[in-house]
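The values are calculated or read from the model by the stated rules, or taken from the named source; none is laboratory data. Predicted model, so just to flag it, every value in this text is computed and none were measured. Heads up, the Cβs are rebuilt from the backbone with ideal geometry, glycines too, and the neighbour counts pull from every protein chain shown. For accessibility, only protein heavy atoms count, side chains too; no ligands or nucleic acids. Shrake-Rupley method; radii C 1.70, N 1.55, O 1.52, S 1.80 Å.
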Amino acid sequence: MMSWFNLELDEVKEKLAVDLENGLSVKEIEERRQTYGLNVLPEKAPLSLAALFRAQIIEPLVLILIVAAIISGVLGEIGDTFLILVIVLLNAILGVLQERKAEKAIKALKEMTKVYVKVKREGLITEIPAENLVPGDLIFLEAGDAVPADARLLKAVSLKVSEAALTGEAVGVDKHVEVISDESVLVAERKNMVFMGTIVTSGRGEAVVTTTGLNTELGKIAQLLTTAPKEETPLQVELAKLGKSLGFVALVIVLVVFLLGVLKGEAIFEMFMIAVALAVAAIPEGLPAVVTIVLALGVTRMSKQKAVIRKLPAVETLGAATYICSDKTGTLTQNEMTVSSLYFPDELITVSQGEQVLAEQKEGLLLLLLGGLLNNDAYLTEDGIIGDPTEGALVAAAAKAGLHKREVEKAYLRLHEIPFDSARKMMTTFWEKDNEYYSFTKGAPDFLLAACNSILTPQGEQILDSKWLEKLAKINQGFALKGQRVLGVAGRKWPQMPQDFGAQIIENGLTFWGFFALEDPPRREAQQAVQACQKAGIKTVMITGDHRDTAVAIARRLGIWQKGDQVLSGGELKALSQLELEKRVEKITVYARVSPEDKLRIVAALKAKGQIVAMTGDGVNDAPALKRADIGVSMGLMGTEVAKEAADLVLLDDNFATIVKAVEEGRAIYDNIRKAVKYLLSCNLGEIVVIFGGLLLGRGIPLLPGQILWLNLVTDSAPALALGVQPSEKGIMERPPRKLGAGILAEGVGLEILWQGLLIGLLSLVAFGWGETLSEARTMVFMTLGLSQLIHAFNLQNRRESVFSSSLSINGKLIWASLICGLLQLSVVFVPFLRTIFKTSWLGLAEWLVVLVLSVLPLVIMEIVKYFRRTELFSSKGVYGFRK
């Protein structure tokens, strides 16, 4: 392997055959991609179909069934042997298909959060997926970026990188570009290199990619890893425990059924076969797979609405959210920053006048525009702005006045910068032109003015006295009251290069040049989304670094701030103890001039009051708050990779309304999982009631082993999956949030499963008692049980709305699943050779009428119950936390 850290930059350039100014050509990129492949790490290969099939077959209960089938064959019951083995095979195939579908859905989710990187190719800067990088690519890094490949640094400005993922060292590493002569230094000491999987915590840099994919330092480690832990949500863990508990209860019941049958004089082997078949039917072994698929499909559906779930537990938490704390810029607003006005002492002009005024060569305007242009990392391209939207607006304003960045930068040489941080709220760049040195600083007006001691006026520089400060404060407030964001610009000419580039020295003694007033109007859909939150019992809070008046103006327009609500500034927040903040936190709807670190305190205070908090963020310093929140929400467009990594939910459009859609979808997914659970458990309970009740009646065994297994195969998975994709219920966003931590069977769900299972079982027993012969009785109970379960699935689409209501969304998948399963169920009576295999009897018209009536009765009874739920005669409190 090449020791890139030992080489001079000219040697790096030569060995990588790259132009360090313009980057690679399209032809070179294609050739290198053929040689090196994609810049990705290996993943564990999915299980083969054979392995998935084997996993289905070696389940303990399935193995018992196979042994029982073999014994049946030895005893001469060839038909039973054939039937059991065919059903086992079909069940295994269905299980494999479910597993594969879940695998594909989860794989699709991983594709949604690709890392993008700024790269220079053929002299142009663009953004591409990191997987498309090749050795020789020129990349640009800034605070919050994940390093996409191993690379040799070409430039490093206050660059610090966290390499904890690679070296385990928590402290960030200061980077430089100088050659390291010692060939034996460890990875942690290669400070002129950056490595894949590490995170830029501050500063910026430019680098040339040296190795990609498996050849990176992270790739070498990845090759040693053969397994990755499977992520399970709390819901899946809860259901796994529930499955085990139900399995234990079912086995006890099966044992009782076996002993009861033997005591009633039934053949021991036959009762053994029935007991095993009943155990298979009673234990909801398909439940975890159904839940995984429902979750994965639901999350895929959310992604189509621009909300990508990175961590599955967030799906469950979304439905319980009581607070959404949102950034303003780009989330509640359109993120289309434009400079509307320019103030330079002592003139106020609109941007449309800029070119005309510039022609008059006004020094103050020229310096203001120049300061905004050079103190800036954004670029204008044919495709729009690359970089921060606010910085892009400054570049666009200068361009309108005839100052084009690429041309201006030919005259100025950028020597150094002090990056923006949330404590100083300023950014400074240092430049050289014609052997003269200048610094340009931009930032929040109140912070910037504190760093100035003079102001540039048409009469020349003047002392920045209290009169000027008072006047500038009024101008700033006037912009802010209109909901405009204000940035100040100042500068300083230096007699020589300073020896120390610390912020306290460079950002001191500045001359104030003027203000940029920028507009970012509220998103049209944000106001509706805020109203939807209010109906859903979710409080919206705005958190911004903007001026207090700007924040309140936007919050009022959106309906977030209302009369009586409190507003808190960053300074006031810092003056409060955590206990004092907790006392006030539920009355505050706007936080202005706060830092990302303050978000952590806000989250902690809300959680201390028992609230379930969704918090948005996009910067490096937002990561702790995103992790601390119940739901961390990162911006997909403007968010740093650090923020995305810490988040549970990534917004592909940075839109507040998308968070609200995600909450609605999260509620629907949780509802649908509950519907699938209710369906499976109530149907399984019905089968147990039939066998147990039939034996107590003393008429014989109601269902044969093959019939029990057939019911388990036909009526379980397809309808449950169809319920899992049921359209969300009407009024789902008019319910209060679900209590987080409430079990899947809480809020009356367990009770509903119990009485609905008993209802299905008892009605089927009526059919068993109706038949004249034992064979006819078994056929009637077999048909009633199967058809009533399929019809019952329609009851569970909505617990209040009638199946026949026009307001109930049509679930085409459920209709098709029920039709196909219903035809399969009927085929065991109407198809002669299946009638022989399943030992069913031909039924007359009267018997079919009884079966039909009993199968539809659960629907009729549920319609009556739903009617009372829709009236005041029924309790106002229902399951799923719904209150009228």
Give the shape of the stretch 166-218 as rounded, prolate or oblate, defined through the alpha-carbon gyration tensor: a ≥ b ≥ c are the square roots of its eigenvalues, a/c under 1.5 means rounded, and otherwise the shape is prolate if a/b is larger than b/c and oblate if not.
rounded
The answer for the chain, accessible area per residue at 1.4 Å probe in Å², is 43
If the cut-off is a Cα-Cα distance under 17 Å, which lysines reach Lys433, setting aside same-chain residues fewer than 8 apart in sequence?
Lys405, Lys410, Lys493
Could you work out how far helix 26-36 tilts from the main Cα principal axis of the chain, as a 0 to 90 degree angle to the nearest 10?
50
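When you count, for each residue, the other Cβ atoms within 10 Å and take the mean per peptide, how do 814-820, 270-276, 660-666 rank with the highest first? Mind showing how you got there, number by number?
Values: 814-820: 16.3, 270-276: 21.7, 660-666: 24.3.
Per-residue Cβ counts within 10 Å, averaged per peptide and sorted highest first, yield 660-666, 270-276, 814-820.
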Rule-of-thumb Rg ratio for the stretch 767-850 [Cα; 2.2 N^0.38 Å; N residues]
1.29
Highest mean first, what order results for 438-451, 120-133 on Cβ atoms within 10 Å?
438-451, 120-133
On the full set of protein chains, 1.4 Å probe, figure out the accessible area of His416 and give it in Å² to the nearest 10.
50
Expressed in nm to one decimal, what extension gain is obtained for the pair Thr167 and Lys563 from 0.36 nm per residue of sequence separation less their Cα-Cα distance?
137.3 nm
Computed P(r) (all Cα pairs; the stretch 405-473; 5 Å bins; percent):
3, 13, 19, 19, 19, 16, 8, 2
Prolate/oblate/rounded label for the stretch 387-431 (Cα gyration tensor, a/c 1.5)
oblate
Hydrodynamic radius by Kirkwood, which averages 1/r over all alpha carbon pairs of the stretch 455-603, in angstrom
18.1
Mind pulling the angle between the C-alpha long axis of helix 524-535 and the longest principal axis of the chain? Nearest 10 degrees, somewhere in 0 to 90.
50
Multiplying the sequence separation of Leu579 and Lys474 by 0.36 nm and subtracting their Cα-Cα distance, what value in nm do you get?
34.3 nm
Bridge orientation stat for the chain from DSSP, antiparallel percent rounded to 5, came to 75
If Rh is defined by the Kirkwood formula over all Cα pairs and Rg also comes from Cα, what ratio Rg/Rh do you get for the stretch 735-884?
1.05
Cα long-axis angle, helix 656-697 against the chain (0 to 90 degrees, to the nearest 10)
10
Wrap a convex hull around the Cα atoms of the stretch 363-477, take a quarter of its surface area, and give that in square nanometres.
8.3
What order do you get for 807-813, 418-424, 328-334 when each peptide is scored by the mean count of other beta carbon atoms within 10 Å, highest first?
328-334, 418-424, 807-813
Which of the three applies to the stretch 549-703, rounded, prolate or oblate, going by the alpha-carbon gyration tensor with a ≥ b ≥ c and a/c under 1.5 meaning rounded?
prolate
If you bin every alpha carbon distance in the chain into 10 Å steps from zero, what whole percent lands in each bin?
2, 11, 18, 18, 16, 12, 10, 7, 4, 2, 0, 0
Using a Förster radius of 51 Å, what is the FRET efficiency between Arg835 and Ser805 based on their Cβ-Cβ separation? Nearest 0.05, please.
0.85
